[in-house]
1. Can you tell me which of Thr177, Thr204 is surrounded by 10 or more Cβ atoms within 10 Å (Cβ to Cβ), free of Cβ contacts under 8 Å to residues at least 24 places away in the same chain and in a loop (DSSP other than H, G, I, E, B)?
2. Looking at (1) buried (at least 22 other Cβ atoms within 10 Å of the Cβ); (2) over 24 Å from Gln159 (Cβ atoms), find the lone condition where Phe81 falls short.
3. For region 33-60, which positions are under 19 Å from Ser98 (Cβ atoms) and in contact with a Gly (Cβ under 8 Å, 6 or more places away or on another chain)?
4. I'd like to check something: does region 139-158 contain any residue that is surrounded by 15 or more Cβ atoms within 10 Å (Cβ to Cβ), touching a His at 6+ places or on another chain (Cβ under 9 Å), assigned to a strand (DSSP E or B) and not hydrophobic (A, V, I, L, M, F, W, C)?
5. Would it be correct to say that Ser65 is surrounded by 21 or more Cβ atoms within 10 Å (Cβ to Cβ) and in contact (Cβ under 8 Å) with a residue 12 or more places away in the chain?
6. Taking region 157-207, which residues are modelled with pLDDT under 90 and among the hydroxyl-bearing types (Ser, Thr, Tyr)?
7. Tell me the residue from Val26, Val42 that is free of Cβ contacts under 8 Å to residues at least 12 places away in the same chain and of a type in the set (A, V, I, L, M), please.
8. Restricting attention to region 51-66, does a residue exist that is at pLDDT 95 or above and more than 25 Å from Val141 (Cβ to Cβ)?
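The values are calculated or read from the model by the stated rules, or taken from the named source; none is laboratory data. Model, not experiment: these values are computed from the prediction. So basically every Cβ, Gly included, is an ideal-geometry build from the backbone, and we count neighbours across all protein chains shown.
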Amino acid sequence: MAGTGAHYYRTADGTGLPHDPFNAIVGPRPIGWISTQDAHGVRNLAPYSFFNGFNYHPPIVGFASIGWKDSVSNIDATGEFVWNLATRELAAAMNETSATLPSDQDEFTRSGLTPVSSTLVASPRVWESPVNFECRLTQLVQLQDTEGEAVETWLVLGQVVAVHIDQQWLVDGIYDTPGPRPILRAGGPAAYSEIGPDSVFTMTRPG
């Protein structure tokens with residue numbers, strides 16, 4: 001029975017565990033693989049483990065950056081970014097883009113990925129990725145704790161203004177979610193998960 005013999009802790013006092021389980025419990029999570037460029041056209045590409053969709057119409061996605069990183073700085077300056085779907089085939093290249101590089105160095109070059117022009121925003125897309133969302137910034141919010149104190153984390157929300165989908169993943173006009181084998185961030189410092197056909201089940205909402 002849930003709760004019987006449960007490990008309990010107050011978050012302010014620490015977990016009492018070898019590794020904070022928060023990320024493992026809230027997971028697996030879609031990866032915010034975000035491409036941007038600064039006001040001078042210098043490209044940046046980075047994965048963020050706190051990412052999701054927040055609204056249907058208009059479609060709004062968002063990611064949280066722990067620290068004011070190049071992605072946030074670029075989006076703040078230009079008001080634009082692109083989300084790129086991370087897949088099992090692209091996992092190693094995606095991981096390369098997580099390296100901490102000087103602002104003037106290009107993660108596309110480091111990872112061997114191909115930047116291609118977007119249609120409505122200046123930020124480049126990852127050509128190898130099967131899905132790209134071109135986004136315009138709607139809100140940039142610094143998080144706060146329960147005392148109203150600022151947290152060094154910024155939530156970036158953007159409206160999807162254009163979408164690119166590899167046509168092989170449209171089956172009779174329906175997007176095949178597990179088809180491109182998307183990867184998600186799981187718990188711990190290095191764990192990931194993969195969505196495949198065997199992990200999908202259907203369940204109809206009650207009327």
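1. When all the criteria are applied, what remains is Thr177.
2. (2)
3. Pro47, Tyr48, Ser49, Phe50, Phe51, Asn52
4. no
5. It is true that Ser65 is surrounded by 21 or more Cβ atoms within 10 Å (Cβ to Cβ) and in contact (Cβ under 8 Å) with a residue 12 or more places away in the chain.
6. Those that are modelled with pLDDT under 90 and among the hydroxyl-bearing types (Ser, Thr, Tyr): Ser199, Thr202.
7. Val26
8. no
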